[in-house]
Amino acid sequence: VFSHAAFFMEKIKEHFYGPTGYAYLPYVSDSIQTNVSLPSEFKNSSKALVVATGIVHPVKRIGQVAEMLLENPDLARRVQFVVIGGYGGPYGDYLQSLAKGPLKDCLYLLDYQSQEIMEAFLREADFCVNLRYPNSEVCSKSLVDQMAFEKPVIVLDQGIYNEIPANCVVRIRLENELLELANAFRFLLDDPEQRLEVGRQAARFIQENCTPEIYASRFKSFLESIPVSVARNKLVNDAVRLNREALS
C-alpha cells in the first residue's frame, strides 16, 4: 500500500501486513495567469483577508468559523472571511443567511471559482482556515495549495493536519475548538511578524516535501524495496516493474 500521509500508514498496520510507503501530494500550480486581481471590495479593504477553499459542506466546518465570528464581533469587524467552493442545500442556505445578515461584510461565499481566481485570493490572503473533520481523506490538496502560497493555515489536530510540523501551521484542538479558533485568529491578526514566519515555514515544507520529483522518487524507492517474493504472480511483478521504469 502506498498512501499520502504517515498517519494512515500507522492506521492500517493492524489490518495489512505487506509493504507500506507514503509521499505527500505533489504541488504544481495549474495557473499561468499571475495578473488576475481581486475585486476592489477585497483589494482595497483595510481588513485582513482570510480564505477557505474546497467544497463547502459540514465536514469543512465553515459553520464553526462563522459561529466563532458571531461570538466575537470584534474579530468579525477585522476580517473578510472568503469561502471559495461550491455549496448548496440547507447548510449552504444557512451560511448564506449569515453572509447576508449578521455577518454581512465579514463572510463571503463566492461559490465555485476558476483556478486563477482561487490562486489570486490565496496570493493576497493574510491566512487560511482548513478545519476538515472527520478526516475521511488521507491527504488534503487544499492544505497543500494554501501552504504553497506561503500562508499560515489554522488546522485541527487530526489526521494529516496533525503531522505537519508545528511551526508550519497553527493547530487547534477539536475539544476546545471555538475558543482556540478565536485565539488563533487573534494571534495571526495581532502578530504580523509571526504570521509571516509561519507562512515562510509552510512554503518551505511544501518545497522540501511536496514536489513531483520527491513524489516520484519516494514512489520509485517504495517499489524497489518490495521483495520479488512478495509479489505472487506475474501480473503483479510486471506492474511493479513497469512503474519502476516509468518513474525512472
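The values are calculated or read from the model by the stated rules, or taken from the named source; none is laboratory data. Just so you know, these numbers come straight off a predicted model, no measurement behind them. Positions of Cβ are generated from backbone atoms using ideal geometry, with glycine treated the same way; all protein chains shown enter the neighbour counts. Just the protein is used for accessible areas: all its heavy atoms, side chains included, with ligands, DNA and RNA removed. Shrake-Rupley method; radii C 1.70, N 1.55, O 1.52, S 1.80 Å.
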Item to check | Number of the condition not met by residue 221 [criteria: (1) at pLDDT 95 or above; (2) over 21 Å from residue 123 (Cβ atoms); (3) surrounded by fewer than 16 Cβ atoms within 10 Å (Cβ to Cβ)] | outcome: (1)
Item to check | Per-region count, region 1-35, residues touching an Asp or Glu at 6+ places or on another chain (Cβ under 9 Å), modelled with pLDDT of 85 or more, assigned to a loop (DSSP other than H, G, I, E, B) and more than 15 Å from residue 220 (Cα to Cα) | outcome: 2
Checklist outcome for this item: residue 29 meets each of (1) among the polar types (S, T, N, Q); (2) farther than 20 Å from residue 139 by Cβ; (3) under 23 Å from the mean Cα position of the chain (by Cα) with one exception, condition (2)
Next on the checklist: Return the residues of region 50-72 that are surrounded by 17 or more Cβ atoms within 10 Å (Cβ to Cβ), of a type in the set (Val, Ile, Thr) and part of a helix (DSSP H, G or I); say none if nothing qualifies.
Outcome noted: 62, 65
Checklist outcome for this item: Scanning region 174-210 residue by residue, those surrounded by fewer than 15 Cβ atoms within 10 Å (Cβ to Cβ) and either basic (Lys, Arg) or part of a strand (DSSP E or B) (or both) turn out to be 186, 200
Checklist entry - What is the residue count in region 100-128 for residues that are farther than 20 Å from residue 153 by Cα and of a type in the set (Ser, Thr, Tyr)? => result 2
Checklist entry - Tell me, which helices (runs of 4 or more DSSP H) wholly within region 73-173 include 1 or more residues that are open to solvent by less than 30 Å² (accessible area, probe 1.4 Å), in contact with a Pro (Cβ under 9 Å, 6 or more places away or on another chain) and under 22 Å from residue 198 (Cβ atoms)? => result 141-148
